[in-house]
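The structure appears right after this line, and notes come after that.
The values are calculated or read from the model by the stated rules, or taken from the named source; none is laboratory data. As the structure is a prediction and not an experimental result, all values here were calculated from the model. Heavy atoms of the whole protein, side chains included, go into the accessibility calculation; ligands, DNA and RNA do not. Shrake-Rupley method; radii C 1.70, N 1.55, O 1.52, S 1.80 Å.
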Amino acid sequence: MLTIARHLELDWQYVERVEAWNAERIAEVRSAGRRAGRRLGYKIATFQSDADDEGRVVVIVAVREAPDAEDDRRMTDRGMLLMNDLWSRLLPGDDRES
């Protein structure tokens, strides 16, 4: 649960690929995600994909709603920083060629 809680705090989501036949692990991830969300004060949604060609499903635990405006603002700021970092790596900047 601690690993999931850390992911939820930083990225508002936790994603894990699990063997489709392992219903126990799928249930564990979803349950731990809901517990982590309650502990953090977040409203959580869990989702399981259909099995892929390798016989695995993707289990997603995601924050549905931020507990307050400050957390929402923090996540928006984090998203902008990540996008700016990505674009600076993908697009050559004028300052790098000087």
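What number comes out for accessible area per residue over the chain if the probe is 1.4 Å? Units Å², please. Here the per-residue accessible area is 73 Å².
What a 1.4 Å probe finds exposed on the chain is 50% carbon and sulfur by accessible area, rounded to a whole percent.
Heavy-atom accessible area for E28, with the other protein chains in place and a 1.4 Å probe, reaches approximately 80 Å². Counting 0.36 nm for each residue step from S49 to E9 and taking away their Cα separation leaves a gain of 12.1 nm.
Once a ≥ b ≥ c are taken as the square roots of the eigenvalues of the Cα gyration tensor of the chain, is the result rounded (a/c under 1.5), prolate (a/b larger than b/c) or oblate (a/b not larger than b/c)? Judged from the Cα gyration tensor, the chain comes out oblate (a/c at least 1.5, b/c at or above a/b). Between M1 and L86, the contour length at 0.36 nm per residue exceeds the alpha carbon distance by 27.7 nm.
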